[in-house]
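**Q** Once you've had a glance at the structure underneath, I'll fire off some questions.
The values are calculated or read from the model by the stated rules, or taken from the named source; none is laboratory data. Treat the numbers as computed from the prediction; the structure is a model and nothing was measured. Ideal geometry is used to build each Cβ from the backbone, glycine not excepted, and the neighbour counts take in all protein chains shown.
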């Protein structure tokens, strides 16, 4: 399953599936294949790009997000925290994502992460968040989490999340070319607790 996850830069991912799943698509090339589902965690410009969504959207594409995203993207289905839905073989559950110690991602903003259950694996995309009590309820096989500390997890806070939820694999995001040192530091600090994947940005 880990081989089916592609990092597209910043907070954007593609999961090959089936179904074909995009998370926060941004600055992408138009695909030959329409997405089956597009997940959007917040309505912030750097996460919610209607132009990129349109590149991937087909007649049967489902777009899932919070109420703020639905205001920006026509046809978006609203998911509330802990609400679940099924898309083909994938179960998708919305998870709260917020930052208790930052004004950038307050809880009342309604940000979402997602647990994607596919092929007997649970993939937890944390969204724009710091460590929050809700994470204690999640036992994923794979976790995708930010390490930039810009209203989200710092490297060492992300390590603490790994210690808490003990995934088998971890993919850090929100690091850019030129910030490889921080990504490598994260991998070093995680050690043998989990396998950290530091992917190149998919073309």
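**Q** Filter region 98-113 down to residues that are modelled with pLDDT under 90 and in a loop (DSSP other than H, G, I, E, B) and give me whichever is surrounded by the most Cβ atoms within 10 Å (Cβ to Cβ).
**A** Per the criteria, the residue is 105.
**Q** Assuming residue 10 fulfils every condition listed in (1) touching a helix residue (DSSP H, G or I) at 6+ places or on another chain (Cβ under 8 Å); (2) farther than 13 Å from residue 56 by Cα; (3) buried (at least 17 other Cβ atoms within 10 Å of the Cβ) apart from one, which condition is it?
**A** (1)
**Q** Are any residues in region 1-46 under 19 Å from residue 174 (Cβ atoms), touching a strand residue (DSSP E or B) at 6+ places or on another chain (Cβ under 8 Å) and in a loop (DSSP other than H, G, I, E, B), and if so, which ones?
**A** Hits for region 1-46 are 10, 11, 24, 25, 26, 27, 28, 40, 41, 42, 43.
**Q** Conditions first: (1) crowded, with 20+ Cβ neighbours inside 10 Å; (2) under 16 Å from the mean Cα position of the chain (by Cα). Residue 56 passes all but one, so which condition is the exception?
**A** Condition (2) is where residue 56 drops out.
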